[in-house]
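> I'd like to ask you about the structure that follows.
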Amino acid sequence: MAELPGGESQKVANFSEKLATFSTLPQARWPWQRSLRRRILFTYGVIFAAVILLLMAAVGRVVYQAAVDAAHHALEVEAFLAANALEDPDSAYAAEFDIFKEWEKEHSDDDKLDKKREDSSHQQPAERLQQMARLFAGDSGARVAILDPEGVVVADSVYPFDQAPDQHDEPEIKAALKGVEPRSRRVDPLTGKDTLFAAAPIHVGDRVLGIVQISRPVEQVAGTIRPLLASLAGVGLIALGLAVLAGSALSRRLTRPLNRLEQAALAMAGGDLEQRVPVETPDELGELAIAFNQMAREVQTTLAQQRAFVANASHELRTPVANIKLRSEALLGPAGDDARVHDRYLAEIDREADRLGRLAAVLLDLSRLDERGAAGAAAPPASPLPLLRQVVEALAPRAQQAGQTLTADLPDDLPPLSMPVADLETVVVNLLDNALKYTPAGGAVKVEAHGEPGMVRLRVEDSGPGIPAEDLEQIFDRFYRVDKMRGRQAYQPGEHAGSGAGLGLAIVRALVEAHGGSIQAANAPGQGAVFTVLLPATDEKP
Ligand code: ADP
């Protein structure tokens with residue numbers, strides 16, 4: 001039914017417009033809340049984007065930290081190698097430090113740093129060390145400084161040696177002199193940038209000649225991992241795109257059956273009870289489709305039953321009304337003058353009116369039972385025995401008159417029932433009435449009752465023609481008769497309420513089920529029908 005024919009979809013559209021006039025959707029705060037698909041997609045996208053961002057931030061941080069650590073370690077190695085090169089006795093770098101000492105002594109009176117800085121005419125005293133510092137720095141972007149053991153800068157690859165402040169207090173210098181891990185990360189006072197520092201002492205024998213200090217701004221390190229972070233972000237974006245595509249496909253798969261259900265429900269509300277939806281998936285949506293189809297079938301069956309009930313009821317009511325009308329018209333005409341005809345017709349009108357009244361009463365009872373459903377009104381617990389005996393005694397003369405044997409097997413110890421006596425009487429009288437009615441002269445009717453754990457089993461058996469197997473299921477339906485012509489007969493005194501209309505067994509089943517019991521019809525092994533009623537016994541004592 002997925003595709004609705006043109007006329008149908010028009011009908012559905014009209015109906016949904018009509019629905020919209022009296023049932024409106026709650027206000028949506030955001031436009032995307034108006035579509036389940038967009039909702040799923042939005043939520044899915046936001047969650048996925050957040051996860052990817054967090055993941056990228058975590059990975060980026062780890063990568064950045066690893067790159068900084070690696071760069072720091074490389075600086076340490078470079079400092080160590082440079083210090084090693086300066087330690088070589090053949091290179092005579094020790095003399096350079098001595099030259100610097102001399103120069104410092106000469107300028108000791110000139111100890112004001114600011115003044116020293118203003119006067120840039122100072123010649124580099126340790127020329128070779130300065131060259132070495134530039135050589136070590138090369139074009140790596142690192143800055144190499146060579147310091148004397150007091151932390152005074154002797155040579156610097158970038159700045160004039162006498163412009164750099166004393167470094168004796170810096171952590172990497174102190175650590176290098178102590179022989180512990182000689183590295184630090186701090187803001188370089190000369191550049192004002194976050195910088196990585198590493199240092200290594202220059203030993204000649206036991207004497208510390210000086211210290212090599214190598215530094216590199218952290219932003220340089222970050223620059224090296226930027227392409228990696230960019231490709232990470234690219235992968236993240238691709239993953240996000242794929243996730244949104246997958247989310248879109250998923251949300252379409254979820255909402256398509258729901259849209260179909262909506263269309264089908266609207267079409268049903270518009271009166272098309274043939275609507276069914278395909279069961280496409282083995283999940284909750286599939287279950288929903290099955291439940292919808294089940295509901296549609298039940299609605300269709302219930303409606304068909306109700307229509308049949310109304311048709312049958314009016315048909316059954318029309319017969320006695322027609323009979324009354326015929327006779328009253330005759331009485332109003334010349335036939336009414338004949339006293340014998342007059343009396344007969346009046347008596348027949350009276351009987352038909354009775355029949356009409358009884359039918360109306362049964363129909364009312366049935367509709368009350370429908371309303372009450374399974375919750376039958378309970379009565380104080382009472383043994384069914386007195387009522388059963390009373391009914392059998394009352395019907396015994398009728399059986400005798402018809403040449404039938406009516407026997408009863410009713411033990412004294414039947415458990416009590418909470419079913420009202422009047423309801424139980426209707427059940428037993430209807431069943432016995434049918435048994436006597438359908439059993440020919442010379443036949444037998446047997447009533448039995450037995451107490452069983454938690455229930456009373458009632459059995460009415462006769463030796464009549466029995467019930468055709470194909471009708472066994474339906475005889476409890478309203479207005480169902482095996483012999484469709486029997487109901488046309490006029491009501492006979494002594495027959496049960498609604499007799500002949502096919503309502504007797506319907507009311508019996510409705511009463512039994514309203515009190516939590518069940519009823520079954522079968523054919524006796526030899527000949528005849530057997531009706532078995534199971535009624536729940538009550539635990540309370542009468
Ligand atoms: P009715 O008033 O027509 O008897 P019921 O509802 O009592 O309506 O019974 C429905 C149909 O079941 C009857 O028309 C009859 O054909 C069949 N039926 C009921 N009881 C018996 C029985 N004891 N023996 C044979 N047929 C029966």
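> Please work out the FRET efficiency for the pair D409 and A361, using the Cβ-Cβ distance as r and a Förster radius of 22 Å; give the result to the nearest 0.05.
On the way: r = 32 Å, r/R0 = 1.46.
In this case the efficiency is close to 0.10.
> Taking a quarter of the surface of the convex hull around the Cα atoms of the stretch 25-103, what do you get in nm²? Present the calculation step by step, with values, prior to reporting the outcome.
Values: hull surface 42.2 nm².
Seen from a random direction, the Cα hull of the stretch 25-103 projects 10.6 nm² on average.
> Assuming a ≥ b ≥ c are the square roots of the Cα gyration tensor eigenvalues, decide whether the stretch 289-343 counts as rounded (a/c under 1.5), prolate (otherwise, with a/b larger than b/c) or oblate. Don't skip to the end; give the middle numbers.
Values: a/c = 13.05, a/b = 7.67, b/c = 1.70.
Note, shape of the stretch 289-343 comes out prolate.
> For helix 93-106, report the angle its Cα long axis makes with the longest principal axis of the Cα atoms of the chain; keep it between 0 and 90° and round to the nearest 10°.
70 degrees
> For a Förster distance of 60 Å, can you work out the FRET efficiency between the beta-carbons of L25 and R128, rounded to the nearest 0.05?
After rounding, the FRET efficiency stands at 0.10.
> Moving to a separate point now. In nm², what is the average projected area of the convex hull enclosing the Cα atoms of the stretch 226-285? List each step's numbers first, then the result.
Numbers: hull surface 22.2 nm².
For the stretch 226-285, averaging the hull's shadow over all directions gives 5.6 nm².
> Let me ask another. For the chain, what does the relative contact order come out to in percent, with C-alpha contacts under 8 Å and a separation of six or more? Write out the running numbers ahead of the final one.
Working: 731 pairs, mean separation 59.3, N = 542.
The value is 11 percent.
> Moving on. Amide H to amide H under 5 Å from T281: which residues, 5+ apart in sequence or cross-chain, H placed 1.01 Å off N in plane?
Long-range HN contacts for T281: G286.
> Let me have the 222 nm mean residue ellipticity of the chain computed from DSSP H runs of 4+ only, each contributing -39500 (n - 2.57), with the sum over all residues rounded to the nearest 500. Don't skip to the end; give the middle numbers.
Working: 12 runs with 289 residues, N = 542.
Taken over the chain, the calculation gives -19000 deg cm²/dmol.
> Give the value in nm², to one decimal: projected area of the alpha carbon convex hull of the stretch 375-476, averaged over all directions. Working shown, then result.
Working: hull surface 29.2 nm².
Result: 7.3 nm².
> Once the convex hull of the alpha carbons of the stretch 139-188 is built, what does its volume come to per residue, in cubic angstrom? Display every interim value, and only then the final one.
Values: hull volume 4.5 nm³, N = 50.
Spelled out: Cα convex hull of the stretch 139-188, divided by residues, is 90 Å³.
> Over the chain, what number does the Rg to Rh ratio reach, with both radii from the alpha-carbon atoms and Rh per Kirkwood? Provide the component values of the computation, followed by the final result.
Values: Rg = 53.5 Å, Rh = 34.9 Å.
Here Rg/Rh amounts to 1.53.
> Give, in whole angstrom and from largest to smallest, the semi-axes √(5λ) of the equivalent ellipsoid of the stretch 180-315, with λ running over the eigenvalues of the Cα gyration tensor. Let's see the in-between values first.
Numbers: eigenvalues 1403, 40, 27 Å².
Equivalent-ellipsoid dimensions as semi-axes: 84, 14, 12 Å.
> Hey, another quick one. Extension gain A396-I238, at 0.36 nm per residue separation less the Cα-Cα distance, in nm?
Working: separation 158, 0.36 × 158 = 56.88 nm, distance 9.19 nm.
Working it through step by step, the gained length comes to 47.7 nm.
> Would you be so kind as to identify which of P227, A137, V154 lies farthest towards the positive end of the dipole of the chain, taking Lys and Arg as +1 and Asp and Glu as -1 on Cβ and the Cα centre as origin?
Working it through, the farthest residue towards the positive pole turns out to be P227.
> Let me ask something else. Taking the Cα atoms of the stretch 425-485, report the difference between the largest and smallest coordinate on each principal axis, in whole Å and largest first.
Dimensions of the stretch 425-485 along the principal axes of its Cα atoms: 41, 30, 22 Å.
> Relative to the longest principal axis of the C-alpha atoms of the chain, give the angle of the C-alpha long axis of helix 421-438, reported between 0 and 90° and rounded to the nearest 10°.
Relative to the chain, helix 421-438 is tipped by roughly 60 degrees.
> Please work out the FRET efficiency for the pair D90 and T43, using the Cβ-Cβ distance as r and a Förster radius of 56 Å; give the result to the nearest 0.05. Could the numbers behind the result be given before it?
Details: r = 73 Å, r/R0 = 1.31.
Here the calculated transfer efficiency is 0.15.
Any read-out appearing in this document is the output of simple, stated calculations on the displayed coordinates, not a laboratory observation. Computed from a predicted model, the values in this text were never measured in an experiment. Positions of Cβ are backbone-derived with ideal geometry, glycine not excepted, and every protein chain shown enters the neighbour counts.
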